[in-house]
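Remarks on the structure that follows.
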Ligand SMILES: Cc1cc2nc3c(=O)[nH]c(=O)nc-3n(C[C@H](O)[C@H](O)[C@H](O)COP(=O)(O)O)c2cc1C
């Protein structure tokens, strides 16, 4: 898909065809886009946890109790190791959250490119999610994404609400 069309057409999708599997090749394409994301000093401090088993899906879904989320066929949790990410020497700023956000954005855009619906989620219960996926020492989570094909006949809203370009650009 043409890049600007993809950016303009992408929207959060919270309704999924629960019976339709995403082929491994498509899942790999999506996760590989995350792998190829840039990160500060190219540290790549991430792991992409693909939640696909019935048991783990149910544990992860319990961390965000929205009706639509309970129907997600797949969930990707982007996990980072904050001892591996770049730290700015002067003030100790750790780039982990930025790195993980970029990786997630690559994943979400790749899902769109594959025709897979996705919704970025941060309003989860952190402790429950850490427990559900077996988060390791030094690892942190900032977001997960629900994923699945939209049901047949699904229509996007097509009414992107964004501030105007002149409102968000400051030329100095
Ligand atoms: C960092 C981030 C966190 C988000 N967290 C949630 C969430 O917890 N639950 C949810 O339903 N949507 C969540 N969203 C989706 C946003 O609500 C959505 O991207 C926004 O309303 C713009 O709509 P669009 O993605 O269709 O353009 C999140 C999006 C981002 C980028």
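The values are calculated or read from the model by the stated rules, or taken from the named source; none is laboratory data. Computed from a predicted structure; not experimentally measured. A quick note on method: Cβ atoms are made from the backbone with ideal geometry, for glycine too, and the neighbour counts reach across all protein chains shown.
Surrounded by fewer than 16 Cβ atoms within 10 Å (Cβ to Cβ) and either in contact with a strand residue (DSSP E or B) (Cβ under 6 Å, 6 or more places away or on another chain) or in contact (Cβ under 8 Å) with a residue 40 or more places away in the chain (or both): is that true of residue 123 in this structure? Judged against the criteria, residue 123 is a match. Contact annotation: residue pairs with Cβ atoms under 6 Å, 6 or more positions apart or on different chains, pairing a residue in segment 45-72 that is under 16 Å from residue 130 (Cα atoms) with a partner that is within 16 Å of the ligand (Cβ to nearest atom) and part of a loop (DSSP other than H, G, I, E, B), are 63/124; 63/125; 64/124. The residues of segment 34-47 that are away from the ligand (no atom under 16 Å from the Cβ) and within 30 Å of residue 161 (Cα to Cα), listed by number, are 35, 36, 38, 39.
Sub-7 Å Cβ pairs linking a first residue in segment 1-20 that is touching a residue at least 60 places away in the same chain (Cβ under 8 Å) and more than 28 Å from residue 67 (Cα to Cα) to a second residue that is away from the ligand (no atom under 14 Å from the Cβ) and in a helix (DSSP H, G or I), at least 6 apart or interchain, are 1/113, ordered by first then second residue.
Pairs meeting the criteria (first residue in segment 153-166 and closer than 12 Å to residue 8 by Cβ, second residue within 12 Å of the ligand (Cβ to nearest atom), beta carbons under 6 Å, at least 6 apart or on different chains) are 156/11. For the subset of segment 137-152 comprising residues that are surrounded by fewer than 17 Cβ atoms within 10 Å (Cβ to Cβ) and in contact (Cβ under 8 Å) with a residue 12 or more places away in the chain, which member is nearest to residue 27 (Cα to Cα)? Ranking the candidates gives 151 first. Determine whether residue 23 is farther than 17 Å from residue 120 by Cβ and buried (at least 18 other Cβ atoms within 10 Å of the Cβ). No; evaluated as a whole, the condition is false for this residue. Only residues that are more than 13 Å from the ligand (Cβ to nearest atom) and under 17 Å from residue 27 (Cβ atoms) were counted across segment 107-132, and they come to 5. Quick one: is residue 6 within 16 Å of the ligand (Cβ to nearest atom), over 14 Å from the mean Cα position of the chain (by Cα), at pLDDT 95 or above and part of a helix (DSSP H, G or I)? Yes. Scanning segment 30-49 for residues that are surrounded by fewer than 16 Cβ atoms within 10 Å (Cβ to Cβ) and touching a helix residue (DSSP H, G or I) at 6+ places or on another chain (Cβ under 9 Å) yields 32, 35, 36, 38.
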